[in-house]
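All of the numbers you see were taken from the coordinates with simple rules; none came from a lab. Everything numeric here is computed off the predicted structure, so don't read it as measured data. Please note: Cβ atoms are built from the backbone with ideal geometry, for glycine as well, and neighbour counts cover all protein chains shown.
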Amino acid sequence: MFELLGIPPQVLFGQLLLGLINGAFYATLSLGLALIFGLLNIINFAHGALYMMGAFVAWLLLNMLGIGYWPSLFLAPVLVGLFGILLEKTMLSRLYKLDHLYGLLLTFGLALMIEGLFRQMYGVSGLPYPIPDALKGGQNLGFMFLPNYRGWVVVASLLICFATWFLIERTKLGSYLRAATENPALVQAFGINVPRMITLTYGFGVALAGFAGVLAAPIYSVNPLMGSNLIVVVFAVVVIGGMGSIMGAILTGFGLGMVEGLTKVFYPEASNTVIFIIMAIVLVLKPAGLFGRAR
Amino acid sequence: MKHSTALLAGVAALALSAGSALAQVSDDVVKIGVLNDQSGTYADLAGPGSTLAAQMAVDDFGGTVLGKKIEVVFADHQNKPDVGSSIVNRWIDAEQVDVVVDVPTSSVALAVQEITNRKGKVHLNSTAASSDMTGKACSPTGIHWTYNTTALANGTGKAIVAQGGKSWYFLTADYAFGHALERDVSAVVKAAGGEVKGVVRHPFPNQDFSSFLLQAQASGAQVIGLANAGADTINAIKQAGEFGITQAGQKLAGLLVFLSDIHSLGLQTAQGLQLTTGFYWDMDDETRAWSKKFAAKHNGAMPTMVQAGVYSAVSHYLKAIKEAGTDDGKKVVDKMKELPVKDFFARNATIRADGRMVHDMYLAEVKKPSESKGAWDYYKILRTIPGEEAYGPMNPACPLVKG
């Protein structure tokens with residue numbers, strides 16, 4: 001039996017797998033952020049609050065209307081996405097011509113308001129959301145006990161991430177999107193409705209956050225603070241991956257989840273800072289991020 | 001400049017001539033500052049509920065003392081010692097606050113203890129846990145009211161060791177509170193012949209405990225002690241269930257669990273958990289009457305032990321001002337130590353020289369869903385722990401303790 005720095009391999013594999021699970025959340029959230037930044041040039045600080053809304057919508061659907069986990073997995077992102085479209089139409093769309101800072105301030109303010117509203121209504125201790133029956137229990141992998149639900153989180157996020165990547169990089173619609181990012185005026189001249197495309201992209205990016213929120217609901221308690229706890233890390237992930245890079249966001253999300261997992265074994269006290277240390281190093285060596293292009 | 005000096009001298013002369021026959025309340029108001037986490041991890045267990053409890057104490061007292069108005073103000077320290085310190089400095093220097101109450105989060109509470117001690121103002125702490133508040137950081141104007149880490153160790157810690165939990169592994173919140181709780185429980189475990197197999201210190205606050213729980217599982221310890229609080233404890237307990245930690249035979253010990261935590265977890269998840277508490281709403285007619293009054297103004301949520309503690313502490317403080325005839329910090333606290341503490345909250349209670357309010361504590365077990373008769377019916381009281389046993393002897397590290 002080999003050992004690495006005094007850590008038995010079972011523990012190491014276990015931590016890597018757990019890191020992958022956390023990475024799944026980072027990837028899904030940073031993907032939405034990267035998408036929104038790529039096309040709208042908006043640094044969407046409300047992303048964490050919308051993720052939290054996804055979890056709350058699922059909770060409300062269950063407790064008010066008796067709608068369970070599986071329909072919620074589809075319904076909650078759609079509802080959060082519609083809410084996002086409303087935000088874009090009424091407020092964000094007025095800011096595209098201005099500096100980044102305005103979008104950042106607006107979305108940050110929105111995040112505080114949404115969070116404050118939910119905190120006022122539901123307190124901070126969190127509400128329980130049951131794991132769906134089909135995913136209860138777990139598998140003994142030899143080196144660790146893997147709850148079925150956590151396995152599902154990884155699979156679901158990978159699927160969503162891959163589908164999004166495929167949509168943007170390999171389809172006609174995606175090529176319009178990418179073209180509109182490069183030169184909106186020219187694309188508009190070809191008769192494509194760019195403002196509508198931008199609105200739908202924001203809605204889709206936000207729906208991804210809502211989706212991650214529903215995935216998170218059974219693991220963490222449904223809590224008004226769950227978004228603000230996560231969003232700072234997710235921003236670091238996006239910066240490390242390169243703002244606006246789709247693949248960069250996905251790979252960095254999963255990768256950093258695993259780095260964080262390992263830190264929890266070797267030096268747990270630093271587990272909430274390690275990502276920022278990496279961010280600082282990356283910014284010094286490669287200011288556009290690992291997968292980003294300098295513009 | 002000259003003008004104001006003359007004025008000051010005049011005022012001083014007046015004050016002297018008026019003599020001590022008059023009761024003295026500084027600035028003509030007794031101002032109570034409730035300082036806590038109003039919106040973060042610890043907001044439900046203390047937060048706005050503590051402000052309400054302080055206000056209820058003032059209202060029940062009649063709203064005035066020695067003919068002067070009593071006022072309650074509150075602020076959010078965000079669990080940050082620097083934020084808390086600057087609020088307290090402003091309160092005392094510019095806003096005539098006479099007493100700081102509640103103050104969860106031991107790191108903030110220790111900073112507040114130092115400031116209030118230096119400036120001669122009162123600190124009635126209900127929610128911070130660290131036993132250092134009456135140890136090396138004790139203060140002649142500070143009283144620690146509801147519970148502390150020693151009582152938690154002597155309550156839950158001892159009970160679990162007695163049930164055969166000899167080897168422990170700690171999940172500790174990485175700041176003053178977690179460290180103090182881990183230290184005090186470790187001492188009890190070792191004194192009873194048990195051993196501590198390891199510790200992992202997690203960032204505060206933290207959401208995902210799976211990694212730390214697996215490390216605890218790999219240690220093979222019989223008991224996993226959770227030296228954390230609030231949302232951290234809730235998440236750790238939930239995730240321990242998810243990873244099958246307890247089914248695999250390890251026991252989970254929530255070392256500091258509040259009623260609001262159990263409400264959030266639900267009885268299905270929390271059942272069987274043992275905990276130490278300084279108060280439970282459903283103990284007798286008096287506790288029920290007060291708690292129902294509280295809940296009616298608090299969205300139906302029953303008080304936690306620390307919220308009830310705020311009420312008790314503020315009531316006793318106002319009584320002492322009335323008896324002492326002054327709101328001078330040191331004199332009021334001396335009077336508080338002299339007067340007997342007796343209300344629905346404190347049983348067999350005294351305030352020791354080191355500022356510790358010693359009262360009976362309770363070892364409770366969380367009911368099964370089938371045993372609960374309705375909302376907030378959560379605890380079975382297993383045993384009353386006499387105050388002496390819960391808090392132990394005074395700590396010689398406190399300068400107020402005369403050896």
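How much of the DSSP bridge set in the range B:22-88 is antiparallel, in percent, rounded to the nearest 5? Counting only bridges with both partners in the range B:22-88, antiparallel ones make up about 20 percent.
Considering only B:Ile237, B:Ala162, B:Phe204, the residue lying farthest towards the positive end of the dipole of the range B:150-277 is B:Ala162, judged by Cα position with unit charges set on Cβ.
By other beta-carbon atoms within 10 Å, ranking A:Ile275, A:Ile85 with the fewest at the front produces A:Ile85, A:Ile275.
Over 28 Å apart at the Cα level, from the set B:Lys136/B:Lys297; B:Lys136/B:Lys190; B:Lys166/B:Lys342; B:Lys330/B:Lys402; A:Lys264/B:Lys136; B:Lys292/B:Lys373, are B:Lys136/B:Lys297; B:Lys166/B:Lys342; A:Lys264/B:Lys136. So, in Å, what gap is there between the alpha-carbon centers of the range A:141-209 and the range B:351-403? Going from one Cα centre to the other spans 55 Å. Averaged over peptide B:200-208, the number of partner chain Cβ atoms lying within 10 Å of each residue's Cβ comes to 6.
Residues B:Lys121, B:Lys238, B:Lys31, arranged from fewest to most other Cβ atoms within 10 angstrom of their Cβ, appear as B:Lys31, B:Lys238, B:Lys121. Put the Cα centre of the range B:136-186 next to the Cα centre of the range A:53-124 and the gap is 41 Å.
For the pair the range B:297-343 and the range A:271-295, the centres of their Cα atoms are 53 angstrom apart. Defining a contact as two alpha carbons under 8 Å apart and six or more residues distant in sequence, what relative contact order in percent does the range B:249-378 show? Value for the range B:249-378: 31 percent. Relative contact order for the range B:150-277: 29 percent, from Cα pairs under 8 Å spaced at least 6 residues apart, divided by residue count. Computed log10 I(q)/I(0) for chain B at 0.06, 0.07, 0.10 Å⁻¹: -0.24, -0.32, -0.64, from the Debye equation with unit scatterers placed on every C-alpha and solvent omitted. Counting only residues at least eight positions apart within a chain, or on another chain, the aspartates and glutamates with an alpha carbon under 16 Å from that of B:Lys293 are B:Asp59, B:Asp60, B:Asp282, B:Asp284, B:Asp285, B:Asp343.
A Förster distance of 51 Å, applied to the separation of the beta-carbon atoms of A:Val78 and B:Glu338, puts the FRET efficiency at 0.15.
Residue by residue along A:260-273, Cβ atoms of other protein chains within 10 Å of the local Cβ number 4 on average.
Just subtract the alpha-carbon distance of A:Leu112 and A:Ser93 from 0.36 nm times their residue separation and send over the number in nm, one decimal.
Difference between extended and current length: 4.9 nm.
Treating each Cα of chain A as an identical point scatterer and summing with the Debye formula, the log10 of I(q)/I(0) at q = 0.15 Å⁻¹ comes to -1.20. For chain B, what proportion of DSSP beta bridges, expressed in % and rounded to the nearest 5, is antiparallel? Restricted to chain B, the bridges split so that about 30 percent are antiparallel. Taking B:Asp284, B:Asp174, B:Asp132 as the candidate residues, the one with maximal mean-square fluctuation in a Gaussian network model of chain B, Cα springs under 10 Å, is B:Asp284. Normalised by the number of residues in chain B, the average gap of Cα pairs under 8 Å and 6 or more apart makes the relative contact order 18 percent. DSSP beta bridges fully contained in the protein assembly as shown are about 35 percent antiparallel. Counting only other chain Cβ atoms within 10 Å of each residue's Cβ, the peptide B:39-50 averages 3. Legend: P(r) of the protein assembly as shown from all alpha carbon pair distances, 20 Å bins from 0, whole percents, reading 17, 45, 29, 8, 0. A simple rule links phi to the HN-Hα coupling: the Karplus curve 6.51 cos²θ - 1.76 cosθ + 1.60 with θ = phi - 60°, which for the range A:97-113 gives 7, 8, 4, 3, 4, 5, x, 4, 5, 4, 5, 5, x, 4, 4, 4, 5 Hz, with x for Gly and Pro. Answer rounded, prolate or oblate for the range B:150-277, using the Cα gyration tensor with square roots of eigenvalues a ≥ b ≥ c: rounded when a/c is under 1.5, else prolate when a/b is larger than b/c, else oblate. Judged from the Cα gyration tensor, the range B:150-277 comes out rounded (a/c under 1.5).
Taking square-rooted eigenvalues a ≥ b ≥ c of the alpha carbon gyration tensor, is the range A:77-170 rounded, prolate or oblate, where a/c under 1.5 means rounded and, failing that, a/b exceeding b/c means prolate? Oblate, since a/c reaches 1.5 and b/c is not below a/b.
Cross-link candidates for B:Lys335: which lysines have Cα within less than 18 Å, leaving aside residues fewer than 8 places away along the same chain? Hits, sequence-local ones excluded: B:Lys121, B:Lys319, B:Lys322. Ordering A:Leu35, A:Leu50, A:Leu117 by the number of other Cβ atoms within 10 Å of each residue's own Cβ, fewest first, gives A:Leu117, A:Leu35, A:Leu50. As a rough guide to protection, the peptides B:113-119, A:129-135 ranked by mean Cβ packing within 10 Å, highest first, stand as B:113-119, A:129-135.
A simple spin-label model places pseudo-atoms 7 Å from Cα toward Cβ; at A:Ile192 and A:Leu167 they are separated by 1.5 nm. Report note on the peptides B:291-298, B:216-223: ranked by the mean count of other C-beta atoms within 10 Å, highest first, their order is B:216-223, B:291-298.
P(r) for the range A:1-156, from all Cα pairs and a bin width of 5 Å, is 2, 7, 13, 16, 16, 14, 11, 8, 6, 4, 2, 0, 0 %, short bins first.
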